[in-house]
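Below is one structure, written out as structure tokens; comments come after it.
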Amino acid sequence: MIIRMLSPLLAYTCRYCAPLNHLLTFTLHQHHHHRHSLVVSAPSTTLSCLHPPNPRFLTGNSLVFKMERFFSGSGINKNKAMVEHLQRYGVINSKKVAQVMETVDRALFVPDGNPPYVDSPMQIGYNATISAPHMHATCLELLQENLQPGMHALDVGSGTGYLTACFALMVGPQGCAVGVEHIPELVASSIKNIEKSAAAPLLKEGSLTLHAGDGRLGWPECAPYDAIHVGAAAPEIPQPLIDQLKPGGRMVIPVGNIFQDLKVVDKNLDGSISVRSETSVRYVPLTSREAQLRDY
Ligand SMILES: C[S@@+](CC[C@H](N)C(=O)[O-])C[C@H]1O[C@@H](n2cnc3c(N)ncnc32)[C@H](O)[C@@H]1O
């Protein structure tokens, strides 16, 4: 009965998130940023969608994930509490990921005036966003085996530098963490963010570097990479990134246009590639600087 009453609304708000029929209970929330957020819960599944008026800004977000949103941030106003919440909902399972997210305070990377620990992507200017905490956590979980001390990690579309800082702390001073971002102003502000963070010494020593450039070309200087993260959605997986992945390495990349999947790309030891879809997501496009800034 409730499903029938809400079905037109579901069809409008959740067209990317079918099938819904098997889901049993739902709660509808009005998000405090004028976004409509629908949290649908089944005994073992929680499905959450966030559809703001301009879909371009619905980015850095999983469309299917296992936790409810923190709507006002009240009660979840500390970085550690945010991490504990992600652990409780099963988004973070490993100690290493929890540790690094506790160590890198998200508040240093979220532009002033935004609630830093709310589980939502936020605009950072230049038609870009900082991804939601659950998305950062998901990508760190997927890549953690490839972020061991001494390993090489590439963060394409590094934006605020948050994930590059996490990668740098995980691979340590003997490793190499590279961020590539095509908006020079964001590169400059990401450096300032990281200088205030726990990853500052690694930036100073040079195991963490940030560069302005087209991330679709990767960053050959530090290749091959054990881990590659792409923070923007590519129409298809760029060949230079596959080429710069080490055998045994893993890339996590959103692929698609309107419909996007977070793909996990593993390069096998014989050099062949295995690809699987992790979850449906919505990210800003991996594109040219001109295209990104066209209506900015
Ligand atoms: C969703 S944001 C994610 C940023 C980062 N992961 C974070 O959470 O702060 C995607 C970023 O990719 C960048 N981007 C898009 N296309 C790019 C390209 N071709 N090369 C490098 N960066 C690109 C955008 O400028 C934006 O900063």
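We did not get these values from a lab; they are worked out from the coordinates using the rules stated. Worth saying up front: this structure is predicted, and the values here are computed from it rather than measured. Please note: Cβ atoms are built from the backbone with ideal geometry, for glycine as well, and neighbour counts cover all protein chains shown.
Just a few scattered comments:
- Pairs from Lys78/Lys192; Lys204/Lys263; Lys192/Lys263; Lys96/Lys263; Lys80/Lys192; Lys96/Lys196 whose Cα-Cα separation, in the structure shown, is over 24 Å: Lys204/Lys263; Lys192/Lys263
- Residue-count net charge about Lys96 - beta-carbon cut-off 13 Å; Lys, Arg +1, Asp, Glu -1: -2
- Distance cut-off 22 Å, percentage of C-alpha pairs in the stretch 203-293 lying past it: 29
- Net charge of neighbours whose Cβ lies under 9 Å from the Cβ of Val264, counting Lys and Arg as +1 and Asp and Glu as -1: +1
- Using the Cβ-Cβ distance between Arg88 and Glu290 with R0 set to 41 Å, the FRET efficiency from 1/(1 + (r/R0)^6) comes to roughly 0.45.
- Spin-label model, Ile273/Lys80: points 7 Å from Cα along the beta carbon direction are separated by 4.3 nm.
- Within the shell of other residues whose beta carbon sits under 11 angstrom from the beta carbon of Val178, the net charge comes to -3, with Lys and Arg scored +1 and Asp and Glu -1.
- Candidate cross-link partners of Lys95 among the aspartates and glutamates, defined by an alpha-carbon separation under 15 Å and a same-chain spacing of 8 or more, comprise Glu84, Glu141, Glu145.
- Between Phe259 and Ala188, the simple label model (points 7 Å from Cα in the Cβ direction) yields a spacing of 4.2 nm.
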